[in-house]
Structure formats: C-alpha cells, structure tokens
1. From the backbone phi of the stretch 33-50, what are the Karplus-calculated ³J(HN,Hα) couplings (6.51 cos²θ - 1.76 cosθ + 1.60, θ = phi - 60°) in whole Hz, Gly and Pro given as x?
2. Under a point spin-label approximation (7 Å from Cα along Cα-to-Cβ), what is the T15-Q42 distance to one decimal in nm?
3. Per-residue counts of other Cβ atoms within 10 Å, averaged by peptide: what ranking do you get for 46-52, 106-112, 20-26, highest first?
4. For the stretch 10-18, in order, what is each residue's ³J(HN,Hα) by Karplus, 6.51 cos²θ - 1.76 cosθ + 1.60 with θ = phi - 60°, in whole Hz (x at glycine and Pro)?
5. Let me check I've understood the local charge: for F48, count other residues with C-beta under 11 angstrom from its C-beta, Lys and Arg +1, Asp and Glu -1. What total comes out?
6. Please give the contour-minus-distance gain from R94 to R4: 0.36 nm per residue of separation, less the Cα-Cα distance, rounded to one decimal in nm.
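Derivation of every value follows stated rules applied to the coordinates shown; laboratory data play no part. Please read these numbers as outputs of a predicted model, since none were measured by experiment. In this analysis, Cβ positions are derived from the backbone assuming ideal geometry, glycine residues included, and neighbour counts consider all displayed protein chains.
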Amino acid sequence: MDARQQRKALRATDTTKKRARTLRNSMSPPEIILWSHLRRGQLGGLRFRRQHPLGPYVADFYCHESRLVVEIDSTYHGGNLDYDDARDDWMRGRGLRVLRFTSSDVAKNKEGVLELILRVGRRDTPSVKLEDSFDTSPARAGEDAEPPAADDAEET
C-alpha cells in the first residue's frame, strides 16, 4: 500500500471527527495524566495527538511519525474487549502499532508506561512485530509484556 492509499485508509468520517471532539472534552483521569506527559513532544520528541480519529475509530493517543496508537482501558468510557480487539486488528491491518494499558497501569506505574511508549515510539520500522500490542492487562497479556518497573525506567 503506497502513502496515498494509507492516508485514504485512515481517513475519518465526519461522525468520527465529531465524536473525537466530544471525547477530548471528557477524557478519563488516567488519560489526562498520560496526556500531560505526551503533549508537545515532551516524551523524547514524539508528537502525540489526543482522541485522534482514525477511520471509523478514535484512538486515545496517536503519534503519526511513529504510526503508534496508545490506548488506555478503563470503565470510564465503557470498555468492551471484542470492540477493542476489532479496533486493534483494524489499526494493525493498516500498519499502525498499538500499545494498550489499563488505567491501573497508568496510576501505579506511570514511569514504566512512559518508558515503554518511548521505546516503541522510537523504533524506526512500523512493521516490527510487537507481541501483538504489548497489552499489559492481565487477562490479555503475557508476563513479558509488563511495562518496566518505575525504578528501572530511564528518566525522560
């Protein structure tokens, strides 16, 4: 798929754009915490957008240069595993990388979450196989997918 086809595949509908605008005004507390570290290129120069529309979906955070989507799972917006899986598959099918964290991960291990986002975001090749999505939720991830402990994380 060439660059033009990729842009077209990620183009959002008007409905999705409106929904993204609404979601920007109702971010969950973990999303607000993470956004405070991702905005304005604060994390290693990676420039993230919040509540960014991608096709029929809205990504919590999206870094275009790295083709990286970061999702925070919580009950705040009403989580649905089947919907999340379908969304992740759709995004990966278009060459995007997906990192998924729980709201608990952000609250208890913010530095580890940020370190993992930085490590994955700095990878040069968007087609790198990333153990599915580095999903850190216990029900959907292996032990090796855990973000590094805050003590092990480098200062960013």
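1. For the stretch 33-50, the Karplus curve yields 4, 5, 4, 5, 9, 9, 5, 6, x, 5, 9, x, x, 6, 9, 9, 10, 9 Hz.
2. So the two model labels end up 3.5 nm from each other.
3. Values: 46-52: 20.1, 106-112: 18.1, 20-26: 13.0.
Ranked by mean Cβ neighbours within 10 Å, highest first: 46-52, 106-112, 20-26.
4. Listing the rounded values in order: 9, 4, 8, 7, 4, 4, 5, 4, 5 Hz.
5. On the way: positive: R39, R40, R47, R49, R50; negative: D60, E65.
The answer is +3.
6. Values: separation 90, 0.36 × 90 = 32.40 nm, distance 1.23 nm.
31.2 nm is the gain from fully extending R94 to R4.
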